[in-house]
Amino acid sequence: MNKYQQFSNHLKEMPDEKGYFGKYGGAYLPPELVAAFEEIATAYQTICHSAQFINELRRIRKEFQGRPTPVYHCERLSRLNGGAQIYLKREDLNHTGAHKLNHCMGEGLLAKFLGKKRLIAETGAGQHGVALATAAAFFGLECEIHMGEVDIAKQAPNVARMKVLGAKVVPVTFGLKTLKEAVDSAFISYAENYKDSIYCIGSAVGPHPFPLMVRDFQKVIGIEAREQFFDMVGEMPDAVCACVGGGSNSIGMFTPFVGDPVEIYGVEPLGRGEKVGDHAASMRFGSEGVMHGFNSIMLQDKKGEPLPVYSIASGLDYPSVGPEHAYLHDSGRIHYVYATDEQAVEAFYKLSRYEGIIPALESSHAVAYAMQLAREMKTGSILVNLSGRGDKDIDYVIERYGDGKQYL
């Protein structure tokens, strides 16, 4: 058995009944929330095998979200890098402009099944907040989004969209005022309101069953991309690539490919460099620890407290990573690499100018590494998950980098 075949049953075997991917995952919860999460887990295990639920989700994806999203060949960008051919899975064309709606609509359906009236969540870049506000409007539910003040200032367009959709945006004013603190704030609110609310986590992190649920709802990305790429090219890509913060877009892209003879690259944010507080590269600099109710690889101090993190991409500045990613890292199946702020901004401008596609700063990290990999490979193909569009980032990037001529 080769290194690919041993993962052929990964989706069925992982996680185990307690929510562990090897030693990572689980549910580390205060006593008052144990019953609430067990309720969610039981409900999900019931409806995920329900033909009625699956058919309704498929209808929503087709008629409301606009799925399937296409795969696109970047001919000019590939030529610019003089190496392997670069393809994009266009999740930026999913309704609301990113992959987040894939799991938000599923979580909204679950909330309706449980008879809840409110969706509570955190957001960093605002894409999850917009997607959840969209799901709440679709299903006729209340919506409460917790967002750090730093990210609110950076992501004003998405804040406005959430409010237009009817969501209550709760500014988080403690700590670094970014994604980690937004998760803390959302958990506090959920603990106080769990009887009539459901917590809809924004990535493949958190206590069981959320890493499982988000993976299952997001794997539509990789399932579609795998079939579409083969139809276009007649073979599997040589490499698959996606950005990794908490890891929802990447786990959705990667898991359908783990049993195939394909190299897989998860791209973390190295930010301004290797100094503590200048990056959010959990896999490269982290160690095993528990945060936000799950065991994984995290950036932590000697006392086990989360370290400060940073990325130009608000959706990536999280001091841990989903437990399935941690397992796949330790197993050696997936390569976890990195891109800096500068590399991401360069990719942002080059994809915009050479292909007419403005990417989210999060997705720009994956494009940046794909450009580097294309030059190294020289031949073959790379399939990148373009997880979101860059409308939300344009003002921020132009204010700091001008027209981007220095990168072209």
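Scanning the range 178-193 for residues that are more than 20 Å from the chain's Cα centre (by Cα) and either surrounded by 14 or more Cβ atoms within 10 Å (Cβ to Cβ) or not hydrophobic (A, V, I, L, M, F, W, C) (or both) yields 189, 190, 191, 192, 193.
Cβ separations smaller than 9 Å between residues 6+ apart or across chains give no pair from the range 233-253 residues that are under 26 Å from residue 75 (Cβ atoms) and modelled with pLDDT under 95 to residues that are open to solvent by less than 10 Å² (accessible area, probe 1.4 Å) and aromatic (Phe, Trp, Tyr). Residue 329 meets all of the listed conditions (1) out of contact with any strand residue (DSSP E or B) (no Cβ under 8 Å at 6 or more places or on another chain); (2) closer than 17 Å to residue 248 by Cα but one, namely (1). Checking the structure you have, find out if any residue of the range 14-34 is farther than 20 Å from residue 295 by Cβ, aliphatic (A, V, I, L, M) and surrounded by fewer than 22 Cβ atoms within 10 Å (Cβ to Cβ). The answer is no, given that none of the residues of the range 14-34 is farther than 20 Å from residue 295 by Cβ, aliphatic (A, V, I, L, M) and surrounded by fewer than 22 Cβ atoms within 10 Å (Cβ to Cβ).
Filtered by the rule that a residue be under 28 Å from residue 308 (Cβ atoms), out of contact with any Pro (no Cβ under 9 Å at 6 or more places or on another chain) and not small (Gly, Ala, Ser), the range 136-160 gives 144, 145, 150, 151, 154, 155, 157, 158, 159. For the range 45-78, what are the residues that are in contact with a strand residue (DSSP E or B) (Cβ under 9 Å, 6 or more places away or on another chain) and within 13 Å of residue 374 (Cβ to Cβ)? Within the range 45-78, 73, 74, 75, 77, 78 qualify.
Among the conditions (1) surrounded by 24 or more Cβ atoms within 10 Å (Cβ to Cβ); (2) more than 20 Å from residue 110 (Cβ to Cβ), residue 156 misses just one, which is (1). Residues in the range 231-258 that are in a helix (DSSP H, G or I) and of a type in the set (Gly, Ala, Ser): 248, 250, 252. Do we find a residue being at pLDDT below 90, outside any helix (DSSP H, G or I), open to solvent by 50 Å² or more (accessible area, probe 1.4 Å) and of a type outside the set (Phe, Trp, Tyr) anywhere in the range 164-176? Yes, because at least one residue in the range 164-176 is at pLDDT below 90, outside any helix (DSSP H, G or I), open to solvent by 50 Å² or more (accessible area, probe 1.4 Å) and of a type outside the set (Phe, Trp, Tyr). Of all residues in the range 2-42, which are on the phi > 0 side of the Ramachandran plot and part of a loop (DSSP other than H, G, I, E, B)? Answer for the range 2-42, where residues must be on the phi > 0 side of the Ramachandran plot and part of a loop (DSSP other than H, G, I, E, B): 19, 22, 26. Among all positions in the range 223-231, there is no residue which is touching a His at 6+ places or on another chain (Cβ under 8 Å) and among the aliphatic types (A, V, I, L, M). Can you find a residue in the range 16-33 that is within 21 Å of the chain's Cα centre (by Cα), among the aliphatic types (A, V, I, L, M) and over 18 Å from residue 105 (Cβ atoms)? Checking the range 16-33: at least one residue is within 21 Å of the chain's Cα centre (by Cα), among the aliphatic types (A, V, I, L, M) and over 18 Å from residue 105 (Cβ atoms).
Inspect all residues belonging to the range 132-146 and state whether any of them is farther than 27 Å from residue 53 by Cβ and at pLDDT 95 or above. For the range 132-146, residues farther than 27 Å from residue 53 by Cβ and at pLDDT 95 or above: present.
Within the range 380-405, the set of residues being surrounded by 18 or more Cβ atoms within 10 Å (Cβ to Cβ), part of a helix (DSSP H, G or I) and charged (D, E, K, R) comprises 392, 393. Are any residues in the range 194-208 at negative phi, assigned to a loop (DSSP other than H, G, I, E, B) and buried (at least 23 other Cβ atoms within 10 Å of the Cβ), and if so, which ones? Within the range 194-208, 200, 201, 202, 203, 204, 205, 207, 208 qualify. Each residue in the range 122-153 was checked for being open to solvent by less than 30 Å² (accessible area, probe 1.4 Å) and assigned to a strand (DSSP E or B), and 8 of them qualify.
Being in contact with a Lys or Arg (Cβ under 8 Å, 6 or more places away or on another chain), at pLDDT 95 or above and surrounded by fewer than 24 Cβ atoms within 10 Å (Cβ to Cβ) is not true of residue 261.
Matching residues to (1) part of a strand (DSSP E or B); (2) in contact (Cβ under 8 Å) with a residue 12 or more places away in the chain; (3) within 30 Å of residue 74 (Cα to Cα):
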site	(1), (2), (3)
270	yes, yes, yes
278	no, yes, no
326	no, yes, no
342	no, no, yes
351	no, yes, yes
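Residue 19: at pLDDT 95 or above and not charged (D, E, K, R), yes or no? Yes. Of all the listed residues (298, 283, 291), the sole one being open to solvent by 10 Å² or more (accessible area, probe 1.4 Å) and more than 27 Å from residue 346 (Cα to Cα) is 291. Within the range 356-379, the set of residues being open to solvent by 30 Å² or more (accessible area, probe 1.4 Å) and of a type in the set (Asp, Glu) comprises just one member, 376.
For the range 50-69, the criterion of being open to solvent by less than 40 Å² (accessible area, probe 1.4 Å) and assigned to a strand (DSSP E or B) is satisfied by no residue at all.
The values are calculated or read from the model by the stated rules, or taken from the named source; none is laboratory data. No experiment lies behind these values; they were computed from the predicted model shown. When we count neighbours, we look across all protein chains shown, and the Cβ atoms used for this are built from the backbone with ideal geometry, even at glycine. SASA here: full protein model, heavy atoms, side chains in, ligands and nucleic acids out. Shrake-Rupley method; radii C 1.70, N 1.55, O 1.52, S 1.80 Å.
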